[in-house]
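For reference, the structure discussed in these notes is given below.
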Amino acid sequence: MKLHDLKPRHGAKKPRKRVGRGISAGQGKTAGRGTKGEGARSGSGGKLYRQGGNLPFFRHLPFKRGFTNNFRKEWSEINLERLEGFAAQAEVSPETLSAAGLIDNGGHPVVLLGRGEVKVPLQIRLHRISRTARAKVEAAGGKVELIKV
């Protein structure tokens, strides 16, 4: 088989229907548009999305009432005040927080927020940390290391 042997499947290519060419052609006179009315006129169809009295489809959709981002990232949030039970130089990571019962789902990335005070130096290894929380941890002598989400 060569390139010049290739042909479309039978019935895939149809000749264009020539409408309005006399009554014996089957699509003469009104050319399949019926008589009178909006559909019989040139440039017919009205406005885009018009549905002839039905509530238009796009007005059924909830765009004007907010929407839910399916790709939103959920974070486990924890404040500095919840870290009071950790000893000095203790490592604070998602695993230790989950073991201590401070976050409920170990699958979400963890963010440390700055409410509260930290009195002992801690080794923080989390996915994200706020600017105030980082300042408070480093002021207490601790270290902050970010891990990839």
query: Amide H to amide H, which residues 5 or more places from K143 or on other chains are under 5 Å from it, using H placed in the peptide plane?
result: L122, Q123, I124
- request: Just add up the charged neighbours of L146: K/R +1, D/E -1, any other residue whose Cβ is under 12 Å from the Cβ of L146.
  value: +4
- prompt: For region 1-24 and region 52-106, what is the separation of their C-alpha centers, rounded to whole Å?
  reply: 57
Net charge of Cβ neighbours under 11 Å - reference E91; Lys, Arg +1; Asp, Glu -1: 0
field: region 1-77: relative contact order as a whole-number percent, Cα under 8 Å and 6+ apart
entry: 10
Surrounding net charge for W75, when Lys and Arg each add one and Asp and Glu each subtract one, Cβ distance under 13 Å: 0
Packing rank of 7-15, 71-79, where each peptide gets the mean count of other beta carbons within 10 Å, highest leading: 71-79, 7-15
task: Quick one: pull the percent of accessible area on the chain belonging to carbon and sulfur, 1.4 Å probe, ligands and nucleic acids left out.
output: 51
statement: Heavy-atom accessible area per residue of region 76-146, all protein chains kept, 1.4 Å probe, expressed in Å², is 55
- line: Ordering 16-22, 88-94 by per-residue average of other C-beta atoms within 10 angstrom, highest first, gives 88-94, 16-22
query: Could you name the aspartates and glutamates in cross-link range of K73, using Cα to Cα under 18 Å and dropping any fewer than eight places away on the same chain?
result: D104
- request: In debye, nearest 20, what is the charge dipole magnitude of region 1-89 about its Cα centre with +1 on Lys and Arg Cβ and -1 on Asp and Glu Cβ, if you could check?
  value: 1500
message: Here are labelled values, (1) 151; (2) 100; (3) 313, and one is the computed volume of the Cα convex hull per residue in Å³ for what I pasted. Which one?
response: (3)
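The values are calculated or read from the model by the stated rules, or taken from the named source; none is laboratory data. Please read all numbers here as calculations on a predicted model, not as lab measurements. A quick note on method: Cβ atoms are made from the backbone with ideal geometry, for glycine too, and the neighbour counts reach across all protein chains shown. Ligands, DNA and RNA are excluded from the accessible area calculation, which covers all protein heavy atoms including side chains. Shrake-Rupley method; radii C 1.70, N 1.55, O 1.52, S 1.80 Å.
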